[in-house]
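Enquirer: Quick one: this structure, given as structure tokens, is what I'll be asking you about.
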Amino acid sequence: MRIGAERLAADPSLVEGARIGLVTNHAGVLPDLTSTPSALLEAGVPLAALFGPEHGLRGAAQAAEGEADGVDPATGLPVFDAYGRDPGEALARAGVDTLLIDLPDVGARFYTYIWTMHDFLRAASRQGVQVVVLDRPNPLGGLVCEGPLLDPAYVSPVGKAPIPIRHGLTVGELALGFDPSARVIEMEGWRREMLFPDTGLIWVMPSVNMPSFDTALVYPGTGLFEGTNFSEGRGTTRPFELVGAPYVDERFAPALGALDLPGVRFREAWFRPTFHKHAGTLVRGVQVHVLDPRSFQPVLTGVSMLHVARTLYPEQFAWWGPERFEQHLWGSGTLTEGLRDPRELCPEPAHPVGHLLYPSSRR
């Protein structure tokens, strides 16, 4: 299998441009872990500027943070922080005529790198800048979608187009859905049934709280706890796998186990977050153990966990964060309207039509 950045490094003629910009971060690497900017410069691609998403080019910033503009010490290229800013202004300052995008994704709508891409596509279109996406695998594969399509009334920085929570698309396929004029340097050898371990690639944590493939597996579901007063495990070594609150008691883990959800088991766990919600406080909850990644349904699991939490602790459980944050994560108002059957909230959506680039060997 070959990713888009690898193909471009092997054949720079795949793109044209005198001043080329690159949107990427520390996880933008080739299979041998050479950074994409270094590999492209070595191949003769005339890179003129780098643009960093949430967490910054180096990936050291926490959630909802970027890094200051500066110079990349590895390449000497100017770096423009694109998170929370107008990408059009950054493009104009950089003076690029072609823009490459090489960003990892974890397969969940509320992971913000795809929306950085979305905003750059729009800004580039306004300025007449050609965009070329260097495609990468969806770690969760490309066969299954879960969760509601984003309701336009709930557009936010964690969702700007009508795709499901677990969207089942690659960044290149998403780019074509956002702007059909974008070009994609496709992967070679990737098929829709491939989960990340099937690719043979090395996992490089794409952000500070996404340390492993196990984290990415559960994130489309347990990421919904970000909008509650439960800890979603930030400040621990197992973010999004550990979920709990100071008011949780001995009923929580058995109640989750009784649901008999596919591919997953719950083990009672105690933890003390070092930062974020309940920092320094002993928290009781569960660790989510995925036993079968192919049958596991992260969104159904996350919604079922929320349902149990709201049922067992109606007085203590609360929505948390900026106004309508949970609705923005979910993509509509249905999750917070009242207690509803989780399976009713989680019908399986169809793939968006018209921009699937890769086949499946399954029939």
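Enquirer: Counting only C-alpha contacts under 8 Å and six or more residues apart, can you give the relative contact order of the chain as a whole percent?
Expert: 16 percent
Enquirer: In whole Å, what is the distance between the alpha-carbon centres of the range 288-363 and the range 83-129?
Expert: 27 Å
Enquirer: In Å², what does the accessible area per residue of the chain work out to with a 1.4 Å probe?
Expert: Per residue, the chain has 39 Å² of solvent-accessible surface.
Enquirer: Over the Cα atoms of the chain, how large are the radius of gyration and the largest Cα-Cα distance (Dmax), in Å?
Expert: In Å, with Rg to one decimal and Dmax whole: 20.4, 63.
Enquirer: Can I ask one more? Kindly provide the chymotrypsin sites (Phe, Trp or Tyr not before Pro) of the range 221-298 that DSSP labels as loop, not H, G, I, E or B, and whose Cβ sees at most 12 other Cβ atoms within 10 Å.
Expert: Filter output for the range 221-298: Phe275.
Enquirer: Okay, helix-only estimate at 222 nm for the chain: each DSSP H run of n ≥ 4 adds -39500 (n - 2.57), divide by all residues, round to 500 deg cm²/dmol; what do you get?
Expert: Result for the chain: -7000 deg cm²/dmol, rounded to the nearest 500.
Enquirer: If you don't mind, there's one more thing I want to ask. Using Cα-only point scatterers and the Debye equation, what is log10 of I(q)/I(0) for the range 225-281 at each q in 0.28 Å⁻¹, rounded to two decimals?
Expert: Values returned for q = 0.28 Å⁻¹ are -1.21.
Enquirer: Shifting gears a bit: Considering Cα pairs under 8 angstrom that are at least six residues apart, work out the relative contact order of the range 294-349 and quote it in whole percent. Please list the in-between numbers first.
Expert: Values: 22 pairs, mean separation 22.8, N = 56.
The normalised contact order for the range 294-349 reaches 41 percent.
Enquirer: Give me the percent of the accessible area of the range 168-257 that comes from carbon and sulfur atoms, probe 1.4 Å, all protein chains in place.
Expert: Summing carbon and sulfur atoms, their accessible area is 54 percent of the total for the range 168-257.
Enquirer: Also, I was wondering about something else. Give the angle, between 0 and 90 degrees and rounded to the nearest 10, that separates the Cα long axis of helix 113-127 from the longest principal axis of the Cα atoms of the chain.
Expert: The angle comes out at about 40 degrees.
Enquirer: Then there's this: Quick one: longest stretch of the chain between exposed loop GluC sites (Glu not before Pro), exposed meaning at most 10 other C-beta atoms within 10 Å and loop per DSSP?
Expert: Here the longest run is 1-249.
Enquirer: Express the relative contact order of the range 15-159 as a whole percentage, based on alpha carbon pairs under 8 Å and six or more residues apart in sequence.
Expert: The value is 24 percent.
Enquirer: How big is the dipole moment of the chain about its Cα centre under a simple scheme where the beta carbon of each Lys and Arg is +1, that of each Asp and Glu is -1, and everything else is neutral? Debye, nearest 20, please.
Expert: 440 debye
Enquirer: Further, regarding this structure: How large is the Kirkwood hydrodynamic radius of the range 14-61, counting all unique pairs of alpha carbons, in Å?
Expert: Numbers: mean 1/r = 0.0884 Å⁻¹.
With all distinct Cα pairs of the range 14-61 included, I get 11.3 Å.
Enquirer: May I pose another question? Over the Cα atoms of the range 125-196, what is the Rg over Rh ratio if Rh follows Kirkwood?
Expert: Rg/Rh for the range 125-196 comes to 1.00.
Enquirer: Give me the base-10 log of I(q)/I(0) for the range 190-271 at each q in 0.13 Å⁻¹, Debye formula, one uniform scatterer per Cα, rounded to two decimals.
Expert: Per q value, in the given order, log10 I(q)/I(0) is -0.49.
Enquirer: Quick one: Debye curve from the C-alpha atoms of the range 255-315, no solvent, what's log10 I(q)/I(0) at q = 0.28 Å⁻¹?
Expert: -1.16
Enquirer: Now a separate question. Could you tell me the extents of the range 283-363's C-alpha atoms along the three principal axes, largest first, rounded to whole Å?
Expert: That works out to 49, 31, 22 Å along the principal axes.
Enquirer: Stokes-Einstein D for the range 5-109 at 37 °C, 0.692 mPa s, Kirkwood Rh over Cα pairs, in µm²/s?
Expert: 236 µm²/s
Enquirer: Dividing the convex hull volume of the alpha carbon atoms of the range 149-240 by its residue count, what do you get in Å³ per residue?
Expert: Once divided by residue count, the hull of the range 149-240 is 131 Å³.
Enquirer: Another question, then. Taking the DSSP beta bridges in the chain as the whole, what percent of them are antiparallel, to the nearest 5? Please report the intermediate quantities before stating the final value.
Expert: Working: 21 of 40 bridges.
The answer is about 50 percent antiparallel.
Enquirer: Give me the mean projected area, in nm² to one decimal, of the convex hull enclosing the Cα positions of the range 66-221.
Expert: 9.8 nm²
Enquirer: Also, quick follow-up: Counting residues in the range 217-363 as N, plug N into 2.2 N^0.38 Å and put the Cα Rg over that result.
Expert: On the way: Rg = 15.9 Å, N = 147, 2.2 N^0.38 = 14.7 Å.
So the range 217-363 has a normalised radius of gyration of 1.09.
The values are calculated or read from the model by the stated rules, or taken from the named source; none is laboratory data. Since the structure is predicted, the reported quantities are computational estimates derived from the model, not experimental observations. Positions of Cβ are backbone-derived with ideal geometry, glycine not excepted, and every protein chain shown enters the neighbour counts. Note: accessible area is taken over every heavy atom of the protein model, side chains too, but ligands, DNA and RNA are not part of it. Shrake-Rupley method; radii C 1.70, N 1.55, O 1.52, S 1.80 Å.
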